[in-house]
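**Student:** Before I ask anything, let me first share the structure, which is written out below as C-alpha cells.
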Amino acid sequence: MTTTADTKTDDVTAAVTAWLEQNWDPDLTAAEWWDRLGRSGWATPTWPVEWYGRGLSRAEGVRVQQAIAAFGALGAPGGLGTLLAGPTITVHGTDEQRERYLLDIVTGRIAWCQLFSEPGAGSDLAGLNTRAELDGDEWIVNGQKVWTSGGHWADLGMLLARTDPDVPKHQGITYFALDMHQPGVEIRPLRELTGRSMFNEVFLTDVRVPGDAAIGGINNGWAVANTTLMFERSGLGAGGGGGGVSALPGTVGGDLERRAGDFVRTRDPSDAGSQLSTSVESLAALAHANGAIDQPNVRQDLARLYSMNEIARYTNLRQRALARSGGEIAGLGNIAKLSMSRILRLSRDLSAQILGPYSTLHAYGAGEQDTLVAATAGRAKPGITESILFAQAPQIYGGTDEIQHNILGERVLGLPKEPSADKGKPFRELPKNG
Ligand SMILES: Cc1cc2nc3c(=O)[nH]c(=O)nc-3n(C[C@H](O)[C@H](O)[C@H](O)COP(=O)(O)OP(=O)(O)OC[C@H]3O[C@@H](n4cnc5c(N)ncnc54)[C@H](O)[C@@H]3O)c2cc1C
C-alpha cells in the first residue's frame, strides 16, 4: 500500500496547515475525519512513508500535533494504538500483519490496550505468569493482567504471554494481538486517586488467539516488548500521543459516529483552573492572578520549571541534529521519561504552593466541581488539583524511575548488572510469588 504522503518539507507547520485548509470539515463524523487524516500521513507523521506516515522526526511530529490543535481541527486518534501498537507492528510485524492492523490504528477505527503488567510482574516484567498453550493453529490463554489503561474501551490488546516455561524467563515469551471482545475476557475497572477509572484488572480464561496474531515470532516477545517500551518511554517523554483535543478511538468509546467539530473547544486562557494544564505559562498567570507571585519560592520554582522544559526542548533539538548525521543520544528515551516525570512532580509542588490551602480541596465529577468552585469563589481549581493527584503516576508507568536509572546505569554507562539468581534457569524452576 502507499499513502498520499508525497512531500517532506522543512516547513512542516505550513505543510500541515495547508492540508488542513483543504481537508478539515467539522461536519464529518470523527470516523470520516480520522479516515481522511490517517490516510494522509498527518495522523502519524513520524511513521514510515510506506505505512501511513511521513517519515518525520519526533520534534516535527510534535509540531504537526500543535499545528492541528492551533488550526482548531480534531487531533489524530490518541491512545495506545498510535503510541505503541502501531509503531511496534511497523518494526516487528509481517507485511500481512501491517496490512491487517495499521490502517485501523491510524484511522482510529480500532483501539488498543497494553496487557503487559501482572500482579506479580511489573518491574520484573519477564517474570510474567500468563500462559499461552498451542491448540491446533490457535493459542489458548489463561492468566491475569493489571493496570490495563483503556482496557474497558479497547478492541485489541498487546498481550505478553508465556509460551515456553522450560527456557529462561526472557526467552519463553510471545507478543500477541488479542481480540478483547471474546468470551473469557473479563475487565474490571479500578478507581484511581483522581476519581477516574483509567485502568483495569483483566482476567483471561481460556481465551483464544489465532497463530497468525503472534507479532515478531514465537518466543521472541521480550524483544518485541522492549520495542513497545522504548516507544512508550520516548513518547511519554515527548508529552504523550494526543494533541490535547481528541475523541476516543475504537468501537467501544462511542465517539466515532459523533460530529468531529463537536470535539473541538475554544480555550479561555484566563481560566487556568478548568484545564488539566500546569504549563509554566498558565501557572505563572495563576500566580499573578492570586498574588502568589510575590512569594520568592514561587518565582524560583517557576524559573526552575521553565528551565527544565527548555532543557528537554534543547535535548530534543540536539537529538534531531545528531539524527541527521546518523547519530543518537544514548538512552534518550529513558532520559526523556525521567525528565518528564521530574517536570510533572515540580509542577505538582509548584501548583500546590500557588493554590495554597485550596490545593487540598478536590471534588470528583463535574457537578461537585462546580459546587466547590462556587463555594470557594473560584479559588479551588479542579483541573489543577487533578493534575496534582495524577503527578504520582508518570514515575511508575512505562517502567518506574528506579528502573530507568538501572537501564541507564547498565546499558548506557556500562555499570555492572544487578546480581540475578534467575540467570540461565528455566522459568518453571524459578521461585514464584503467591
Ligand atoms: C497510570 C498507570 C498506567 C499504567 N498502564 C499500564 C498499562 O496500560 N499496561 C500495563 O501493562 N501496565 C501499566 N501500568 C503498570 C506499570 O507499568 C507498572 O506499575 C510498573 O512497571 C511498576 O510495576 P509494579 O507496579 O508491579 O511495581 P513493582 O515492580 O512491584 O515495584 C515496586 C517498587 O519497587 C521498585 N523496584 C522494583 N524493582 C526494582 C529494581 N530492580 N531496582 C530498583 N527498584 C526497584 C520500583 O521502582 C517501585 O518503586 C500502569 C501504571 C500506572 C501507574
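The values are calculated or read from the model by the stated rules, or taken from the named source; none is laboratory data. Remember, predicted model here, so these are calculated numbers, not experimental data. Please note: Cβ atoms are built from the backbone with ideal geometry, for glycine as well, and neighbour counts cover all protein chains shown. Remember, those area values only see protein heavy atoms, side chains included, never the ligands or the DNA or RNA. Shrake-Rupley method; radii C 1.70, N 1.55, O 1.52, S 1.80 Å.
**Student:** Taking all protein chains as present, what is the carbon and sulfur share of the accessible area of the chain, in % to the nearest whole number, probe 1.4 Å?
**Tutor:** C and S fraction of accessible area: 53 percent.
**Student:** Which order, highest average first, do 255-261, 43-49 follow once you tally other Cβ atoms within 10 Å for each residue and take the mean per peptide?
**Tutor:** 43-49, 255-261
**Student:** What is the gain in length, in nm to one decimal, between Leu413 and Thr94 on full extension, counting 0.36 nm per residue of separation less the C-alpha to C-alpha distance?
**Tutor:** Gain on stretching Leu413 to Thr94: 111.4 nm.
**Student:** Please list the non-local residues whose amide H lies under 5 Å from the amide H of Thr29, H modeled 1.01 Å from N, same-chain partners needing a gap of 5 or more.
**Tutor:** When sequence neighbours closer than 5 places are left aside, the close amide H contacts are Ala260.
**Student:** Next question, about the same structure. Cα extents of segment 327-431 along the three principal axes, largest first, in whole Å?
**Tutor:** 62, 39, 23 Å, listed from the longest principal axis down.
**Student:** How would you order 99-107, 363-371 from highest to lowest mean count of nearby Cβ atoms within 10 Å?
**Tutor:** Listed from highest to lowest mean packing, they are 99-107, 363-371.
**Student:** What is the gain in length, in nm to one decimal, between Ala375 and Ser149 on full extension, counting 0.36 nm per residue of separation less the C-alpha to C-alpha distance?
**Tutor:** In short, 78.0 nm is gained.
**Student:** So, one more: Considering the options Gly72, His170, Leu193, tell which one lies farthest towards the positive end of the dipole of segment 42-194, charges being +1 on Lys and Arg and -1 on Asp and Glu at the Cβ, about the Cα centre.
**Tutor:** Towards the positive end, the residue furthest out is Gly72.
**Student:** For segment 198-228 and segment 149-164, compute the distance between their C-alpha centroids and round to whole Å.
**Tutor:** Answer, in whole Å: 6.
**Student:** Just to verify a number: FRET efficiency for Ala421 and Arg259, C-beta to C-beta distance, R0 = 51 Å, to 0.05?
**Tutor:** 0.30
**Student:** Given R₀ = 45 Å, FRET efficiency for Asp11-Thr360 by Cβ-Cβ distance, to 0.05?
**Tutor:** 0.45
**Student:** Expressed as an acute angle from 0 to 90° and rounded to the nearest 10, what is the orientation of the C-alpha long axis of helix 12-23 relative to the principal long axis of the chain?
**Tutor:** That works out to roughly 90 degrees.
**Student:** Ok, one more. Keeping every protein chain in place, order Leu134, Leu248 by accessible area at 1.4 Å, biggest value first, i.e. largest first.
**Tutor:** Leu134, Leu248
**Student:** Something else about it: So what's the net charge close to Asp164: Lys and Arg +1, Asp and Glu -1, counting the other residues with Cβ under 11 Å from its Cβ?
**Tutor:** Neighbourhood net charge equals +2.
**Student:** Gain in length, Arg318 to Ala59, computed as 0.36 nm per residue apart minus the alpha-carbon separation, to one decimal in nm?
**Tutor:** 92.2 nm is the gain from fully extending Arg318 to Ala59.
**Student:** Compute the Cα gyration tensor for segment 26-68, then decide on rounded, prolate or oblate, letting a ≥ b ≥ c be the square roots of its eigenvalues: rounded whenever a/c is under 1.5, prolate when a/b is larger than b/c in the other cases, and oblate in all that remain.
**Tutor:** Taking the square roots of the gyration eigenvalues as a ≥ b ≥ c, segment 26-68 is oblate.
**Student:** Now a separate question. So what does the Cα-only Debye profile of the chain read at q = 0.08, 0.10, 0.13 Å⁻¹, as log10 I(q)/I(0), no solvent term?
**Tutor:** With one equal scatterer per Cα and no solvent, log10 I(q)/I(0) is -0.48, -0.77, -1.30.
**Student:** With +1 on each Lys and Arg Cβ and -1 on each Asp and Glu Cβ, and nothing else charged, work out how big the dipole of the chain is about its Cα centre, in Debye to the nearest 20.
**Tutor:** That gives a dipole near 1240 debye.
**Student:** To continue, here is another question. Using the C-alpha atoms of segment 309-377, what convex hull volume per residue, in cubic angstrom, is computed?
**Tutor:** 126 Å³
**Student:** Using +1 at the Cβ of each Lys and Arg and -1 at the Cβ of each Asp and Glu in the chain, identify which of Ala363, Gly235, Thr315 lies farthest towards the dipole's positive end.
**Tutor:** Thr315
**Student:** While we're on this one: Could you provide, to the nearest whole Å², the per residue accessible area of the chain with probe 1.4 Å?
**Tutor:** So the chain comes to 48 Å² accessible per residue, rounded to a whole number.
**Student:** Then there is this: Over 20 Å apart: what share of the alpha carbon pairs of segment 61-131 falls there, rounded to a whole percent?
**Tutor:** 49 percent
**Student:** Return the FRET efficiency for the residue pair Tyr306, Leu389: r is the Cβ-Cβ distance, R0 is 22 Å, and the value is rounded to the nearest 0.05.
**Tutor:** 0.40
**Student:** I need the phi-derived Karplus couplings for segment 280-295: 6.51 cos²θ - 1.76 cosθ + 1.60, θ = phi - 60°, integer Hz, Gly and Pro marked x.
**Tutor:** With the stated coefficients, segment 280-295 comes to 4, 4, 6, 5, 5, 4, 5, 5, 5, 5, 9, x, 5, 4, 6, 7 Hz.
**Student:** How large is the helix-only mean residue ellipticity at 222 nm for the chain, computed as the sum of -39500 (n - 2.57) over DSSP H runs with n ≥ 4, divided by its residue count, in deg cm²/dmol to the nearest 500?
**Tutor:** Result for the chain: -12000 deg cm²/dmol, rounded to the nearest 500.
**Student:** Each residue of segment 228-233 in turn: what ³J(HN,Hα) in whole Hz from Karplus with 6.51, -1.76, 1.60 and θ = phi - 60°, glycine and Pro shown as x?
**Tutor:** 4, 5, 5, 5, 5, 5
**Student:** In a Gaussian network model over the chain where Cα atoms closer than 10 Å are linked, find which of Arg39, Arg196, Arg324 has the largest mean-square fluctuation.
**Tutor:** Arg324
**Student:** Something else about it: What Kirkwood hydrodynamic radius, in Å, does segment 1-154 give when the mean of 1/r is taken over all pairs of distinct Cα atoms and then inverted?
**Tutor:** Answer for segment 1-154: a Kirkwood hydrodynamic radius of 17.1 Å.
**Student:** Given Lys169/Lys432; Lys145/Lys169; Lys337/Lys423, which pairs have Cα atoms separated by over 21 Å?
**Tutor:** Lys337/Lys423
**Student:** What ³J(HN,Hα) values, in whole Hz, does the Karplus curve 6.51 cos²θ - 1.76 cosθ + 1.60 give for segment 347-359 when θ = phi - 60°, with x put for Gly and Pro?
**Tutor:** Per-residue couplings from phi come out as 4, 4, 5, 5, 4, 5, 5, 5, 6, x, x, 5, 6 Hz.
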